[in-house]
């Protein structure tokens, strides 16, 4: 695997150049919140964060996506799709969020059905990840085969070491970008930094405080759809808001609807939706297979811990901890996992 | 109350008005609408909460 | 606060043993040192899960409507602000008085858990908390900490109107002094004085972050509509789009829908994942209710006529 070195002092220059040559999406701070936005230069980027409040999945699956405009011309319907994806760079995404994007790939780029809106963005975006330098009490990426310095899914991975960044070049796309800005991506000194990076990874691995053990959980869920556990407190305290699903980097449910702009014109939109809402599974005839919070809460965790694995052989959760931080009533997937493990053991 | 709330969120004063006019107060209705129309015209196009779909 | 916890557990156990209630809704230790989580206790043995302290920010009155048709009665642990919700729900006939046992706990304030977590050693367990007047002391197995109220309490607690629950069947803990504030609506006034453009820019900035997760709506104890206007698809009052227009529409509409019933518990503000200062919106309405109708905060006394639900000839008539 190839590697490069970038001086920390040269990062603003790199970001400014990238912002000129691409749509550069990076973390920004808006008051107390960190989210990903398109920026026009290094001055807007905010990198002193552990993790953002909303994940960067919006780069590929925007919360609001217009799929086309339509015009009814009397005897036919004219469809106008928006312009294709622009060349973009996503800078500063953490390893957990990048891993999450790879879990979205099989959903939107399946064998039988491809989503051109997602694929277009995915093909045209270079993902430059940024390793973590700190672990929050709510982090648990290690439980899902991830790590604070794991480059899986990134085209380039920056790891801050002293006054330099150690840059792993993970794909051809990444290499092409590093070569294009070779005056900033140096080839010298990478070997020593590689060792420093490993030490950092080891140090961070020891900082996790949440103990999450998935042993037996999948098997338990595979064999038991009905569990008395789901009648417990979680479904009683859940408010049914969409916070967990909207901040989650692996959630991908959406609603498609037409929005008229006149008698004969309009647009079709694809917007994020949440399985925690009661009307999410409401059928046209009035039937709702998930009529109460119990079914919806159970569904959420079954999806994260089982269904996604079943369908795509990939984890459904990356351990970013946002749901744990943001849930108004402290529903905690790590507690649920550990509870289920106990249920499995006592069975 | 709604008028105050709208102004608090940034609508120009005068853009939203509420009047109680009974069916038999035709003249009051006319003057109110005329005044309101002039007021709105002087305020120009509304910039808040526009439908921005293209 | 240990004695409050002990009494809480004793009283809850008694209620359950004597079958006066079939459920006690209270606060239990959360998965972070500085958090609690709602617990639903239906057996006397389960009361050991109950706790109390400066990490009990949730308004548990929210859950009362879930049990209005349940068998047996329900007891709920409420702070001062939560008790206002209880009164509001009772006045709205959302639940009948004889079904609810209110366990009121005078509250000296609640801390912002994220601020506390940033100072405490990660992974530490909570041992004890105590109210020291100007600060809270938090004892953990990794050291003792002190958090001064001015800097670490929830914003809403800094102008707390009702530290003592205004309705309570069983009160646990000492009554607390009630403070009055000259500038209760200082932030609202400050915003009111800005120009239209500045006000617009301020709220545009806030609302453009909104995810429309509806956490604010779902946590609101007086948002009790069976079918919310924002969930209706025919007609689609708001779509699932999160552009500035629709977000603004949502927030203004919701603030107005709860106007006159909102008890200023501040939960909407607390739960927003995007830190939108929602209380500033609802507080504007409270200020106007006071100015126009001389109405106190809804729920701050039992039986206050709802300012927007009742008419009196003395009401202002600017629109005539």
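The values are calculated or read from the model by the stated rules, or taken from the named source; none is laboratory data. These numbers were taken from a predicted model, which means no experiment stands behind them. Every residue, glycine as well, gets a Cβ built from its backbone with ideal geometry; the counts of neighbours run over all protein chains shown.
Could you figure out which of (1) touching a helix residue (DSSP H, G or I) at 6+ places or on another chain (Cβ under 7 Å); (2) over 30 Å from residue C:65 (Cβ atoms); (3) facing chain C (nearest Cβ under 7 Å) isn't true of residue A:259?
Status for residue A:259: all satisfied but (1).
Looking only at residues in the range C:208-246 that are within 14 Å of chain B (Cβ to nearest Cβ) and under 15 Å from residue C:277 (Cβ atoms), which one is surrounded by the fewest Cβ atoms within 10 Å (Cβ to Cβ)?
The qualifying residue surrounded by the fewest Cβ atoms within 10 Å (Cβ to Cβ) is C:208.
Quick one: count up the residues across the range C:280-304 that are surrounded by 12 or more Cβ atoms within 10 Å (Cβ to Cβ) and either within 19 Å of residue C:86 (Cα to Cα) or in contact with a strand residue (DSSP E or B) (Cβ under 7 Å, 6 or more places away or on another chain) (or both).
So the answer is 11.
Scan the range A:210-228 residue by residue and report those that are within 14 Å of chain C (Cβ to nearest Cβ) and surrounded by 13 or more Cβ atoms within 10 Å (Cβ to Cβ).
A:210, A:212
Which one of the conditions (1) surrounded by fewer than 19 Cβ atoms within 10 Å (Cβ to Cβ); (2) under 22 Å from residue C:264 (Cβ atoms); (3) touching a strand residue (DSSP E or B) at 6+ places or on another chain (Cβ under 6 Å) does residue C:108 fail to meet, given that it meets all the rest?
Residue C:108 satisfies every listed condition except (1).
May I ask you to list the residues in the range A:326-336 that are crowded, with 23+ Cβ neighbours inside 10 Å and either more than 8 Å from chain C (Cβ to nearest Cβ) or over 19 Å from residue C:35 (Cα atoms) (or both)?
Result: A:327, A:333.
Condition test on residue A:66, is it at pLDDT below 95, assigned to a strand (DSSP E or B) and outside the structural domain of residue A:306 (by TED's automatic domain parsing)?
Against the criterion (at pLDDT below 95, assigned to a strand (DSSP E or B) and outside the structural domain of residue A:306 (by TED's automatic domain parsing)), residue A:66 qualifies.
Read through the list (1) modelled with pLDDT under 95; (2) closer than 28 Å to residue A:148 by Cα, then give the number of the only condition that residue A:248 fails.
(1)
Is it the case that some residue within the range A:190-209 is loosely packed, with under 15 Cβ neighbours inside 10 Å, farther than 25 Å from residue A:139 by Cβ and outside the structural domain of residue A:296 (by TED's automatic domain parsing)?
Scanning the range A:190-209, I find at least one residue that is loosely packed, with under 15 Cβ neighbours inside 10 Å, farther than 25 Å from residue A:139 by Cβ and outside the structural domain of residue A:296 (by TED's automatic domain parsing), so the answer is yes.
Across the range A:133-147, what is the number of residues that are under 30 Å from residue A:19 (Cβ atoms) and more than 14 Å from every other protein chain (Cβ to nearest Cβ)?
Residues meeting the conditions: 4.
So, residue A:289, is that one more than 10 Å from chain C (Cβ to nearest Cβ), part of a loop (DSSP other than H, G, I, E, B) and free of Cβ contacts under 8 Å to residues at least 24 places away in the same chain or not?
Considered against the rule, which asks whether it is more than 10 Å from chain C (Cβ to nearest Cβ), part of a loop (DSSP other than H, G, I, E, B) and free of Cβ contacts under 8 Å to residues at least 24 places away in the same chain, residue A:289 comes out as yes.
Only one of these is within 10 Å of chain C (Cβ to nearest Cβ), in a helix (DSSP H, G or I) and surrounded by 14 or more Cβ atoms within 10 Å (Cβ to Cβ): B:4, B:15. Name it.
Just one listed residue meets the conditions, B:4.
Count, please, the residues in the range C:15-64 that happen to be out of contact with any strand residue (DSSP E or B) (no Cβ under 8 Å at 6 or more places or on another chain), surrounded by 23 or more Cβ atoms within 10 Å (Cβ to Cβ) and assigned to a helix (DSSP H, G or I).
1
Against the definition (touching a strand residue (DSSP E or B) at 6+ places or on another chain (Cβ under 8 Å) and in a loop (DSSP other than H, G, I, E, B)), how does residue A:318 come out, yes or no?
Answer is no for this residue.
Kindly check whether there is at least one residue in the range A:51-73 that is without any contact (Cβ under 8 Å) to a residue 40 or more places away in the chain, loosely packed, with under 14 Cβ neighbours inside 10 Å and over 27 Å from residue C:247 (Cα atoms).
no
Hey, does the range C:113-124 have a residue that's closer than 20 Å to residue C:2 by Cβ, part of a loop (DSSP other than H, G, I, E, B) and touching a helix residue (DSSP H, G or I) at 6+ places or on another chain (Cβ under 6 Å)?
no
Return the total of residues in the range C:55-106 being within 23 Å of residue C:272 (Cα to Cα) and without any contact (Cβ under 8 Å) to a residue 24 or more places away in the chain.
1
Kindly indicate the residue of the range C:178-207 that is away from chain B (no Cβ under 12 Å) and touching a helix residue (DSSP H, G or I) at 6+ places or on another chain (Cβ under 7 Å) and also surrounded by the fewest Cβ atoms within 10 Å (Cβ to Cβ) among those meeting that condition.
Here the residue is C:181.
Looking at the range A:233-248, is at least one residue more than 12 Å from every other protein chain (Cβ to nearest Cβ) and either without any contact (Cβ under 8 Å) to a residue 60 or more places away in the chain or crowded, with 17+ Cβ neighbours inside 10 Å (or both)?
no
Among the residues of the range C:248-270, is any within 12 Å of chain A (Cβ to nearest Cβ), out of contact with any helix residue (DSSP H, G or I) (no Cβ under 6 Å at 6 or more places or on another chain) and either buried (at least 22 other Cβ atoms within 10 Å of the Cβ) or within 30 Å of residue A:51 (Cα to Cα) (or both)?
Looking for residues that are within 12 Å of chain A (Cβ to nearest Cβ), out of contact with any helix residue (DSSP H, G or I) (no Cβ under 6 Å at 6 or more places or on another chain) and either buried (at least 22 other Cβ atoms within 10 Å of the Cβ) or within 30 Å of residue A:51 (Cα to Cα) (or both), one finds at least one in the range C:248-270, hence yes.
Across the range B:18-45, what is the total count of residues that are away from chain C (no Cβ under 11 Å) and either in a loop (DSSP other than H, G, I, E, B) or without any contact (Cβ under 8 Å) to a residue 24 or more places away in the chain (or both)?
Residues flagged as away from chain C (no Cβ under 11 Å) and either in a loop (DSSP other than H, G, I, E, B) or without any contact (Cβ under 8 Å) to a residue 24 or more places away in the chain (or both) within the range B:18-45 amount to 17.
Given the conditions (1) more than 13 Å from every other protein chain (Cβ to nearest Cβ); (2) touching a residue at least 40 places away in the same chain (Cβ under 8 Å); (3) within 22 Å of residue A:54 (Cα to Cα), and given that residue A:306 satisfies all but one, which numbered condition is not satisfied?
Result: residue A:306 passes all but (3).
With respect to residue A:268, determine if the residue is under 30 Å from residue C:33 (Cβ atoms), touching a residue at least 12 places away in the same chain (Cβ under 8 Å), assigned by TED's automatic domain parsing to the domain that holds residue A:222 and surrounded by 15 or more Cβ atoms within 10 Å (Cβ to Cβ).
Spelling it out, it is not the case that residue A:268 is under 30 Å from residue C:33 (Cβ atoms), touching a residue at least 12 places away in the same chain (Cβ under 8 Å), assigned by TED's automatic domain parsing to the domain that holds residue A:222 and surrounded by 15 or more Cβ atoms within 10 Å (Cβ to Cβ).
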